[in-house]
Amino acid sequence: MRRKAVFTTGEAAEICKLSQQTVIRCFDSGQLRGFRVPGSKFRRIPRAELLAFMKVNGIPVERLEKDYQIRVLIVDDDPAIVELFVDTLKEDDLFEVATASTGYTAGVLTQQFEPDVVVLDYMLPDINGNVVCRTIRENPELAHIKVLVISGAVNPTEIETLRAAGADDFIKKPFNIEAVTRRIKELVRGA
């Protein structure tokens, strides 16, 4: 299952528990942003705009979050850590998981798998986390991807460099897998 990126006014109405006419009025007045399908009268609402509308109007966002899995790309050259993540995340139907052990493979999978979150080891065999972060952040099509760096060999200066390169958060090894899983959910849901 993949999360829906764009909604019709009918789908938005069902998620928000509003009438379709109310959603159309909100769209037409600019309260709910989106776009019209070229050459037609159909309106479409991107996920981010629907989420913002729901938050502003006090509509529970859980209704929107139920319709998809969080795609997580695990990038680490330690097979034991990869296995821990895969086993833990696959226990929960909320997650779809892919793995990579090099920066190169991570780049290919980022394009193919289209993750919501990249859980990234700082020191990879071919490149370091700064390069992966910058590569993701320099591509506008990948800007939505959250990057969570995990490493045991990073000092405070390197952490700041990672954040400057585009990392959304940093967790030091050894880590608590439940805490990391919770942080992945928070990053995707904007908490």
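The values are calculated or read from the model by the stated rules, or taken from the named source; none is laboratory data. Treat the numbers as computed from the prediction; the structure is a model and nothing was measured. Every residue, glycine among them, receives a Cβ derived from its backbone with ideal geometry; neighbour counts consider all protein chains shown.
Table for the structure above
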read-out: Index of the failed condition, residue 183 passing every other in (1) modelled with pLDDT under 85; (2) under 28 Å from residue 4 (Cβ atoms); value: (1)
read-out: Among (1) out of contact with any Gly (no Cβ under 6 Å at 6 or more places or on another chain); (2) modelled with pLDDT of 85 or more, the one test that residue 132 misses; value: (1)
read-out: Residue match in the stretch 152-159 (condition: among the charged types (D, E, K, R), more than 26 Å from residue 4 (Cβ to Cβ) and out of contact with any Phe, Trp or Tyr (no Cβ under 9 Å at 6 or more places or on another chain)); value: no
read-out: Unmet requirement for residue 89, which otherwise passes all of (1) touching a Leu at 6+ places or on another chain (Cβ under 9 Å); (2) of a type outside the set (Asp, Glu); (3) in contact (Cβ under 8 Å) with a residue 60 or more places away in the chain; value: (1)
read-out: Residue 155 vs. criteria surrounded by fewer than 19 Cβ atoms within 10 Å (Cβ to Cβ) and either at negative phi or free of Cβ contacts under 8 Å to residues at least 12 places away in the same chain (or both); value: yes
read-out: Count of the stretch 135-152 residues which are assigned to a helix (DSSP H, G or I) and without any contact (Cβ under 8 Å) to a residue 24 or more places away in the chain; value: 2
read-out: Set 74, 70: member being crowded, with 17+ Cβ neighbours inside 10 Å, under 20 Å from residue 109 (Cα atoms) and at pLDDT 90 or above; value: 74
